[in-house]
There are 2 protein chains.
Amino acid sequence: MKQMKDDYDKFHRKPLQVRSAQELLAPFGKPGLTERIPLQDSHGRYLAVPVHAPHPFPRFRRSGMDGYAIRSSDTEACGTEPVIWLNVIDEIPCGSVSDKPISAGTAARIMTGAQVPEGADAVVMLEMTELRETDGQTQVGLKRRIETGKNITPIGFEVQEGEVLLRPGRQIQAGEISVLASFGVHQVTVYRKPRIAIFSTGSELLTVDEPLQPGKIRNSNTYMLASQVRAAGGEPFILEAVMDDLSLAQSKVEEAMQEYDAVVTSGGVSVGDYDIMGDLVRSDHVDMLYNKIAMRPGSVTTAAVKDGKLLFALSGNPGACFVGFELFVRPFIQRTLGSDKPYLTEWTAVLDQDYTKVNAFTRYVRGRVEVRDGMVYAIPAKVDESSVMVTIKDSDCLIVIPPAKGVTPAGDKVKILLLKGSTL
Amino acid sequence: MKQMKDDYDKFHRKPLQVRSAQELLAPFGKPGLTERIPLQDSHGRYLAVPVHAPHPFPRFRRSGMDGYAIRSSDTEACGTEPVIWLNVIDEIPCGSVSDKPISAGTAARIMTGAQVPEGADAVVMLEMTELRETDGQTQVGLKRRIETGKNITPIGFEVQEGEVLLRPGRQIQAGEISVLASFGVHQVTVYRKPRIAIFSTGSELLTVDEPLQPGKIRNSNTYMLASQVRAAGGEPFILEAVMDDLSLAQSKVEEAMQEYDAVVTSGGVSVGDYDIMGDLVRSDHVDMLYNKIAMRPGSVTTAAVKDGKLLFALSGNPGACFVGFELFVRPFIQRTLGSDKPYLTEWTAVLDQDYTKVNAFTRYVRGRVEVRDGMVYAIPAKVDESSVMVTIKDSDCLIVIPPAKGVTPAGDKVKILLLKGSTL
């Protein structure tokens, strides 16, 4: 009964606030290596260099309408004469450039998006015109005055040459791709996905495809963590489980810390006897950053560092493991991708139901977000804390319940952290 | 000047409301083919079959604490005697099954998550106990009464055997993976990603890696659409641009409609002369569903069907193209993935700034979501409507502005549609 003599130390860990732990970790997350990839493969990746506009946009005076390019001065007589007639001297589809400048008394048929010809200073909508043929000459008739510049987008109206279009750390989605393609950026420099090693610990765990055995449960945390790593922008590597042998665990974890950008483990940090990760971080093989956080679930969440690489030793409880990842590992991954907003988005919401659990630590309660008539409500998951079978999948936020001596009543304003990679 | 004779027809299209167009399209989006993939590759995919619990969870009476498994009746004397001493007869780590039943006067050291031994009906927390050795026998001392069932999670507490865990159409994320792994589902049946062909039209377009040419702009829509297809759950295939030759366009598009699950084009639907897609859907090669929607931007958004396959002919204007995809194509893709919520999430929000544009059609204005003190605000993008260079990438919602004769003032409640794949 070896554990008993260690129990005192294990119980008397010094709890750190979540924010303090995040601040301890922050210096270890630095933008990582980069790679160049084709634009069409860049969806979801993170830009590693700023992108400047190589030319103004639009590059030419662009027609905003289907209609006729004219000189606005020709319409000054509108109002005194019923219709002004202009000779149509050209037709300019998109992508064509007219070599016929517009002089007084002339016009050119022009399409939306086409380059406005020399001499013209306005485009009149097709719907506001009429047509006639006079001696084989097509003429367009106008009835109203048109001001100069009408329906012409000037050069550089949307973007000036040299302007910063996108900053490093920006995730590439449809809007970013539209910008990059518009400026001919067909190869983009992105951050390499950080490679995150994942271990489970504990001989009680069956792999997902082993037959069931009495008393044992399946290892679900490594697969869940792999999914969280992907959602955060990293590349997961599920390694073999670490069994309850300290020296073997040490060598496996240290090897992984050398090879990967960070190591995440689940389990082995509780005050039970086989807290192999707890023993490891208390050894002199690594420098412990913290081994207790003032939060529920997951107060045993632990972190250590060796040669500048992080080891995140998360709780084996699936709910605590999930929360520990989102609060501590995800920000690390986001930082290696250049993000300047590494933490989950925080909103204020109205608590929808009484929250009755009492705790000296801040609780991160899984819950759902609902918006009713413009107001954000947070609905805590109703089941027992350890019942994560249902609540992780059905949660889209963590509700932050500060240390409370009594009920936190429905209607109270609470902080919530958005889950599921929401970038809102 | 061929276009002029067609202009009347093109101007006098019958506009359909967005909702009516969505209803016309709905019957063509049906759950598609399925495939079986390993659990670890399933992140982001959509489940194609219901998953039932093959066994209750927990499968055994589970200890919720590190401590001692006891008979609660043994603690009845607490209060009359200062300490009750029980003989510790076993130590049960996680994953082990004890063969020593707990009888009166005995206890077993047990770890969180381990199977509670026969005879025991409660677990007392380690922190509430003391230890002593008496004649070589370890004894645990208790000072307080413990009620029956304390710190034991009963069989099936979280999930009953046979319970539906996950329904088809559910996107697999961390929480779903946790559930699947816990029940040993190592191969999952998911919907195949629908294969979406993407064409651009118009000879004015340069590919992203061509040198610039006067009057021409780059094709950015196909890359943007490919990113939108991926975000919606589909697999994009960028095909060669369709030039301004109707019979060639017909054969290319029809071929793609046979080979892929749907075809999306951008451009060629305006009232300009080379509206090749407009001509195609008016031909008898396909059945037109609609060619005008009562919305801005993108009123020329068009759809047709042939042999049960959809052709989405979106506007060539990048902003209109983006919105057309989100309103019409995304729901189709989501339906083929079994989703019962194929449309963008709709919230009510407070308009943060006056919206001054007047229009007979409903506007879908790109904007940002902000939550302040629990209230959702929608901030319309401030630039000219066609300036999508900035606004698509900086938008996380579409603000729905109904047809208005005047200003929609700040403070008004408006509907917003969440973008960027938000599942909130």
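Taking Rh as the Kirkwood radius, which is the inverse of the mean 1/r over Cα pairs, what is the Rg/Rh value for segment A:62-153? Don't skip to the answer; put the middle values down first.
Details: Rg = 11.8 Å, Rh = 12.7 Å.
Radius of gyration relative to Kirkwood radius: 0.93.
Of B:Val264, A:Val185, how do they rank once you tally other Cβ atoms within 10 Å and put the fewest first? Write out the running numbers ahead of the final one.
Details: B:Val264 31, A:Val185 22.
Ordered by Cβ neighbours within 10 Å, fewest first: A:Val185, B:Val264.
Using 7 Å Cα-to-Cβ label points, what is the A:Arg372/A:Lys100 separation (nm, one decimal)?
6.7
Where the only charges are on Cβ atoms (+1 Lys, Arg; -1 Asp, Glu), what is the dipole of chain B about its Cα centre, to the nearest 20 debye? Don't jump to the answer; show the numbers that get you there.
Values: 48 positive and 53 negative charges, 220 e Å.
Using only the charged Cβ atoms, the result is roughly 1060 debye.
Please enumerate, by chain and number, the lysines with C-alpha under 18 Å from the C-alpha of B:Lys150, excluding those fewer than 8 residues away in the same chain.
Cross-link targets: A:Lys357.
Cα-Cα pairs above 22 Å in segment B:8-138: how many percent? Show your work: numbers first, answer last.
Working: 5195 of 8515 pairs.
Within segment B:8-138, distances greater than 22 Å cover 61 percent of Cα pairs.
Restricting to Cα pairs below 8 Å that are 6+ residues apart, what does the relative contact order work out to for chain A? Please round to a whole percent.
Working: 956 pairs, mean separation 69.3, N = 424.
So the answer I get is 16 percent.
Given Cβ point charges of +1 (Lys, Arg) and -1 (Asp, Glu) and nothing else, what value in debye, to the nearest 20, does the dipole of segment A:1-145 about its Cα centre take?
Details: 19 positive and 19 negative charges, 280 e Å.
In total the dipole reaches around 1340 debye.
Test of understanding: ordering B:Glu176, A:Glu91 by Cβ neighbours within 10 Å, fewest first, what list do you get? Can you show the working numbers first?
Numbers: B:Glu176 26, A:Glu91 19.
Ascending Cβ contact count within 10 Å gives the list A:Glu91, B:Glu176.
Pairs of alpha-carbon atoms within less than 8 angstrom and 6+ residues apart define the contacts here; what relative contact order does segment B:346-418 have, in percent?
Numbers: 162 pairs, mean separation 35.6, N = 73.
Worked out over segment B:346-418, it gives 49 percent.
Please report how far the C-alpha centroid of segment A:74-111 lies from that of segment B:96-175, rounded to the nearest whole angstrom.
87
Compute the normalised compactness of the protein assembly as shown: alpha-carbon radius of gyration over 2.2 N^0.38 Å, N being the residue count.
1.14
Picking from B:Asp340, B:Asp121, B:Asp352, which is most flexible by a Gaussian network model of chain B using Cα springs under 10 Å?
Ranking B:Asp340, B:Asp121, B:Asp352 by mean-square fluctuation puts B:Asp121 first.
If the viscosity is 1.306 mPa s and the temperature 10 °C, what Stokes-Einstein diffusion coefficient in µm²/s follows for segment B:108-266 when Rh is the Kirkwood radius over Cα pairs?
Numbers: Rh = 22.6 Å.
In µm²/s, the coefficient is 70.
Using +1 at the C-beta of Lys and Arg and -1 at the C-beta of Asp and Glu, which of B:Phe183, B:Ala120, B:Thr106 has the Cα lying farthest in the positive direction of the dipole of chain B?
Highest projection toward the positive end goes to B:Phe183.
Compare B:Asp284, B:Asp275, B:Asp99 in a GNM of chain B, Cα atoms joined below 10 Å, and give the one with the largest fluctuation.
Residue with maximal mean-square fluctuation among B:Asp284, B:Asp275, B:Asp99: B:Asp99.
Could you check which residue among B:Cys321, B:Cys397, B:Cys94 shows the biggest mean-square fluctuation in a GNM of chain B with a 10 Å Cα cutoff?
Between B:Cys321, B:Cys397, B:Cys94, it is B:Cys94 that shows the largest mean-square fluctuation.
Can you tell me which lysines have their Cα less than 24 Å from the Cα of A:Lys306? Leave out same-chain residues fewer than eight positions away.
Reachable lysines: A:Lys10, A:Lys14, A:Lys30, A:Lys193, A:Lys252, A:Lys292.
Using only the Cα atoms of segment A:346-418, construct the convex hull and provide its projected area averaged over every direction, in square nanometres to one decimal. The partial results should precede the final answer.
Details: hull surface 18.0 nm².
The directionally averaged projection comes out at 4.5 nm².
For segment B:292-383, what D do you get in µm² per second when you plug the Kirkwood radius from alpha-carbon pairs into Stokes-Einstein at 20 °C and 1.002 mPa s? Write down the numbers at each step before the final one.
Numbers: Rh = 15.1 Å.
In µm²/s, the coefficient rounds to 142.
Tell me, what is the FRET efficiency for A:Lys357 and A:Ser20 to the nearest 0.05, using R0 = 35 angstrom and their Cβ-Cβ distance as r?
Details: r = 23 Å, r/R0 = 0.67.
E(calc), rounded to 0.05, equals 0.90.
How do B:Phe322, B:Phe57 line up, fewest other C-beta atoms within 10 Å first?
Details: B:Phe322 30, B:Phe57 25.
Listed from fewest to most nearby Cβ atoms, that is B:Phe57, B:Phe322.
Work out the charge dipole of the protein assembly as shown with +1 on the Cβ of Lys and Arg and -1 on the Cβ of Asp and Glu about the Cα centre, then indicate which of B:Pro27, A:Ala232, A:Ile152 is farthest towards its positive end.
A:Ile152
I want to verify the translational diffusion coefficient of chain B in µm²/s; compute it with Stokes-Einstein, Rh as the Kirkwood radius over Cα pairs, at 4 °C and 1.567 mPa s. Let's see the in-between values first.
Working: Rh = 26.1 Å.
Diffusion coefficient, whole number: 50 µm²/s.
Report the charge-dipole magnitude of segment B:279-359 in Debye, nearest 20, computed about the Cα centre from +1 at each Lys and Arg Cβ and -1 at each Asp and Glu Cβ. Kindly include the intermediate steps, with their values, before the conclusion.
Working: 9 positive and 9 negative charges, 21 e Å.
Rounded to the nearest 20 debye, it is 100 debye.
Dividing the convex hull volume of the alpha carbon atoms of segment B:156-247 by its residue count, what do you get in Å³ per residue?
Numbers: hull volume 12.9 nm³, N = 92.
Considering the Cα atoms of segment B:156-247, their hull volume per residue is 140 Å³.
If you put a point 7 Å past Cα along the Cβ direction, how far is that point for A:Glu133 from the same point in each other copy, in nm, smallest first?
Reported distances to equivalent positions: 11.7 nm.
Between A:Val264, B:Gly367, A:Ala249, whose Cα lies farthest towards the positive end of the dipole of the protein assembly as shown when Lys and Arg beta carbons carry +1 and Asp and Glu beta carbons carry -1, centred on the Cα centre?
Comparing the listed Cα positions along the dipole, B:Gly367 ranks first.
Rounded to the nearest 5, what % of DSSP beta bridges with both residues in chain B are antiparallel? Please list the in-between numbers first.
Details: 60 of 88 bridges.
That works out to approximately 70 percent antiparallel.
Do the sum for chain B: with -39,500 (n - 2.57) for every DSSP H run of n ≥ 4, divided by all residues, what is the mean residue ellipticity at 222 nm, to the nearest 500 deg cm²/dmol? Provide the component values of the computation, followed by the final result.
Details: 9 runs with 77 residues, N = 424.
Theoretical 222 nm ellipticity from helices: -5000 deg cm²/dmol.
Every read-out reported here was derived from the displayed coordinates using simple, explicitly stated rules and does not represent laboratory data. What you see is a predicted model; the values in this text were computed from it and never measured. Please note: Cβ atoms are built from the backbone with ideal geometry, for glycine as well, and neighbour counts cover all protein chains shown.
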